[in-house]
1. List the residue pairs whose Cβ atoms are under 9 Å apart, where the first residue sits in the range 30-52 and is on the phi < 0 side of the Ramachandran plot and loosely packed, with under 11 Cβ neighbours inside 10 Å, the second is in a loop (DSSP other than H, G, I, E, B) and modelled with pLDDT of 95 or more, and the two are 6 or more positions apart or on different chains.
2. Mind checking which residues of the range 5-21 are in contact with a strand residue (DSSP E or B) (Cβ under 7 Å, 6 or more places away or on another chain), part of a loop (DSSP other than H, G, I, E, B) and within 14 Å of residue 41 (Cβ to Cβ)?
3. If you scan the range 29-38, which residues turn out to be in a strand (DSSP E or B) and either out of contact with any strand residue (DSSP E or B) (no Cβ under 6 Å at 6 or more places or on another chain) or under 11 Å from residue 55 (Cβ atoms) (or both)?
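The values are calculated or read from the model by the stated rules, or taken from the named source; none is laboratory data. This is a predicted model, so every value here is computed, not measured. Ideal geometry is used to build each Cβ from the backbone, glycine not excepted, and the neighbour counts take in all protein chains shown.
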């Protein structure tokens, strides 16, 4: 799944101090392999270079997308 700026996401990375926290995508950067990496801002900081596999749409965001369709 891909995300866009301002999407609310949950980070899943056991090595991150923000593991399990909900944050907002603030930047999307494409790697040289064509894969997106994300910068996610949280209340107490940010995590950069996060691959899509480590992110999950926050519950409220998934509902909003369903309403738009």
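1. Here the result reads 43/21; 44/17; 44/18; 44/21, each pair linking the range 30-52 to a residue that is in a loop (DSSP other than H, G, I, E, B) and modelled with pLDDT of 95 or more.
2. Correct list: 5, 6, 7, 16, 18, 21.
3. Residues of the range 29-38 that are in a strand (DSSP E or B), as a first pass: 29-30, 36-38.
Result: 36, 37, 38.
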